[in-house]
1. Of all the residues that make up the range 41-67, how many are closer than 18 Å to Phe100 by Cα and in contact (Cβ under 8 Å) with a residue 24 or more places away in the chain?
2. Out of all the residues in the range 30-40, is one or more in contact (Cβ under 8 Å) with a residue 24 or more places away in the chain, in a strand (DSSP E or B), at negative phi and of a type in the set (A, V, I, L, M)?
3. Could you grab the pairs with beta carbons closer than 8 Å, sequence gap of 6+ or different chains, first residue in the range 109-135 and in a helix (DSSP H, G or I), second one surrounded by 14 or more Cβ atoms within 10 Å (Cβ to Cβ)?
4. Which of the residues spanning the range 111-128 are of a type in the set (Gly, Ala, Ser) and modelled with pLDDT under 95?
5. Among (1) aliphatic (A, V, I, L, M); (2) farther than 19 Å from Gly137 by Cβ; (3) in contact with a Gly (Cβ under 9 Å, 6 or more places away or on another chain), where does Ala62 come up short?
6. Of all residues being in a loop (DSSP other than H, G, I, E, B) and either of a type in the set (A, V, I, L, M) or in contact with a Leu (Cβ under 6 Å, 6 or more places away or on another chain) (or both) in the range 41-64, which is farthest from Ile115 (Cα to Cα)? Just the residue, please.
7. Since His85 meets every condition but one in (1) in a strand (DSSP E or B); (2) surrounded by 16 or more Cβ atoms within 10 Å (Cβ to Cβ), which condition does it not meet?
8. Kindly establish whether Val22 is among the β-branched types (Val, Ile, Thr), touching a Phe, Trp or Tyr at 6+ places or on another chain (Cβ under 8 Å) and in contact (Cβ under 8 Å) with a residue 24 or more places away in the chain.
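The values are calculated or read from the model by the stated rules, or taken from the named source; none is laboratory data. Just so you know, these numbers come straight off a predicted model, no measurement behind them. Cβ placement follows ideal geometry from the backbone for every residue including glycine, while neighbour counts extend to all protein chains displayed.
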Amino acid sequence: MKKGIIRPLVICIFRNDESILVAEGYDPVKDEYYYRPIGGGIEYGEKSAEALIREVREEIEADIINLKYLGTVENIFTFSGEVGHEIVQVYDAAFVDTSFYTEELCEGKEDDGKIFKIMRIPISKFQNGELRLVPEGLLDLI
């Protein structure tokens, strides 16, 4: 996260029945877990759909099809005591390899090599406040 920069991002919910695919994150300052669909930064000269395809390949080595744009969320947030600002393009899509729909838990890898947990969670757990979904406003799109 760079101070004073609005970051363009793309994420994908990979909805299956009444669940979505999310990565688990942790804010050490707030001492709380949060969940966010996978995706990443949109590079200069790259369309959001292209960025999503690239990010999913990089993070979980998967190919995706049937991308459907759901909307945009502007996200101003605090993480680890720092303020961040993102414009987030939100998609749904399908995996070419259908085993991604049956696995309960898998791992992804950030470009810096950091490993993170990915899991499928029922949307109802976010709707009832049991778990925190970010970015704020995402539930309204799905």
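1. First, the residues of the range 41-67 that are closer than 18 Å to Phe100 by Cα: 52-67.
If we keep only those that are in contact (Cβ under 8 Å) with a residue 24 or more places away in the chain too, we end up with 52, 55-56, 58-60, 62-67.
Count: 12.
2. Checking the range 30-40: at least one residue is in contact (Cβ under 8 Å) with a residue 24 or more places away in the chain, in a strand (DSSP E or B), at negative phi and of a type in the set (A, V, I, L, M).
3. Between residues of the range 109-135 that are in a helix (DSSP H, G or I) and residues that are surrounded by 14 or more Cβ atoms within 10 Å (Cβ to Cβ), the close pairs are Lys125/Leu131; Phe126/Tyr35; Phe126/Arg132; Phe126/Leu133.
4. Initially, the range 111-128 is screened for residues of a type in the set (Gly, Ala, Ser), giving 113, 124.
Gly113 - this is the single residue of the range 111-128 that is of a type in the set (Gly, Ala, Ser) and modelled with pLDDT under 95.
5. The single condition Ala62 does not satisfy is (3).
6. Residues of the range 41-64 that are in a loop (DSSP other than H, G, I, E, B), as a first pass: 42-47, 61-63.
Remaining after also requiring either of a type in the set (A, V, I, L, M) or in contact with a Leu (Cβ under 6 Å, 6 or more places away or on another chain) (or both): 42, 62.
Details: Ile42: 21, Ala62: 16 Å.
Out of the qualifying residues, it is Ile42.
7. So the condition that His85 fails would be (2).
8. So Val22 fits the description; yes.
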